[in-house]
1. Consider Met168 carefully, then state whether it is out of contact with any Phe, Trp or Tyr (no Cβ under 8 Å at 6 or more places or on another chain), crowded, with 17+ Cβ neighbours inside 10 Å and either in the same structural domain as Gln108 (by TED's automatic domain parsing) or within 24 Å of Glu54 (Cα to Cα) (or both).
2. With Ala93, Ala112, Ala126, Ala118 as the choices, which residue is closer than 30 Å to Arg71 by Cα and over 19 Å from the mean Cα position of the chain (by Cα)?
3. Considering Arg23, Arg55, which residue is modelled with pLDDT under 95 and within 28 Å of Phe249 (Cα to Cα)?
4. Considering only the stretch 139-160, how many residues are surrounded by 16 or more Cβ atoms within 10 Å (Cβ to Cβ) and of a type in the set (Val, Ile, Thr)?
5. Checking Ser189 against (1) farther than 15 Å from Arg228 by Cα; (2) in contact with a helix residue (DSSP H, G or I) (Cβ under 9 Å, 6 or more places away or on another chain); (3) surrounded by 16 or more Cβ atoms within 10 Å (Cβ to Cβ), which test does it fail?
6. Conditions first: (1) under 30 Å from Leu38 (Cβ atoms); (2) surrounded by fewer than 19 Cβ atoms within 10 Å (Cβ to Cβ). Cys245 passes all but one, so which condition is the exception?
Amino acid sequence: MREALAALLTLGLAGFAAAEPARPALVSLDYCADQFVLALADRAQILALSKDSERSFSHLRAQAAGIPKVRAAAEDVIALQPDIVVRSYGGDARALALYQRFGIRTVQIGYASDVSGAADLLRSVAAELGAGERAEVILAAQPAARSVTTAEALYVTPGGVSAGRGTMIDAIIAHAGLANANTAEGWTSLPLERLVLSPPALMLTAFFGFDDDATDQWSVSYHPVMQRLMEEVPVIAMNEARISCPGWFVTEEAAAIADAFEAIR
């Protein structure tokens with residue numbers, strides 16, 4: 001009898017030692033952080049996502065359905081007793097010290113301006129969450145860069161702003177195998193005069209009709225000449241949910257652009 005009891009106890013302890021440690025409970029504070037949490041964590045780990053997690057600009061909004069949402073207010077977050085808070089811009093940065101006092105670790109998501117940087121962001125967050133293998137599976141499934149062409153694409157927004165070199169949009173255009181018609185650095189006004197003299201092969205639009213109340217109807221994008229150009233040049237509407245956050249899924253947007261361009265050439 002004593003030997004049998006000892007054997008059962010030994011088996012029980014062995015099973016306990018072999019069990020995986022409990023994965024941390026997570027709260028996400030903004031829609032960009034939501035994407036990383038939804039992609040890298042088990043659903044059971046997620047105590048709450050941001051209020052914007054199911055909005056149209058949230059890439060993984062379908063996966064966010066049914067998961068509780070929380071304001072980014074510190075008192076609301078602490079009440080959930082998470083192990084880790086994940087944030088990009090959400091919440092008050094002054095609350096980070098408060099989280100630490102309550103034993104809550106904060107994972108701060110950085111920024112990326114190109115495809116490799118977006119991959120590094122995913123790996124960085126995954127390392128913090130103990131999900132390194134999951135990140136590599138996600139990255140391995142991303143579309144590869146397309147063959148380089150000389151066709152130029154111009155990014156157009158309703159506010160009359162375009163993306164030049166060194167921006168994530170520029171990196172997406174390059175990954176799609178296209179050249180950026182805006183050769184300036186960073187974010188610039190639309191080069192209307194240059195467009196008239198040398199129209200691009202393609203225009204990429206985003207956020208038109210997205211927030212009409214915030215759109216300046218007097219911007220260059222609504223100039224009659226620009227409107228005429230957009231009627232004459234092929235236009236591809238980008239998926240805002242794949243470009244509003246510097247996530248790994250920017251390569252999916254590049255692939256979608258490349259496929260759409262191939263179809264209309």
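1. yes
2. It is Ala93.
3. On the way: Arg55 fails: modelled with pLDDT under 95.
Matching residue, one of Arg23, Arg55: Arg23.
4. Counting residues in the stretch 139-160 that are surrounded by 16 or more Cβ atoms within 10 Å (Cβ to Cβ) and of a type in the set (Val, Ile, Thr) gives 2.
5. Condition not satisfied by Ser189: (3).
6. Failing condition for Cys245: (2).
Each row is one residue, and each column tells you yes or no for (1) outside any loop (DSSP other than H, G, I, E, B); (2) at pLDDT 95 or above; (3) over 30 Å from Ala140 (Cβ atoms).
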{"position": "Ile169", "(1), (2), (3)": "yes, yes, no"}
{"position": "Ala174", "(1), (2), (3)": "yes, yes, no"}
{"position": "Gly177", "(1), (2), (3)": "no, yes, no"}
{"position": "Val196", "(1), (2), (3)": "yes, no, yes"}
{"position": "Trp218", "(1), (2), (3)": "no, no, yes"}
{"position": "Val225", "(1), (2), (3)": "yes, no, yes"}
{"position": "Leu229", "(1), (2), (3)": "yes, no, yes"}
{"position": "Trp248", "(1), (2), (3)": "no, yes, no"}
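The values are calculated or read from the model by the stated rules, or taken from the named source; none is laboratory data. What you see is a predicted model, and the numbers here were worked out from it, not measured in a lab. Here the Cβ is made from the backbone with ideal geometry for all residues, glycine too, and neighbour counts use every protein chain on show.
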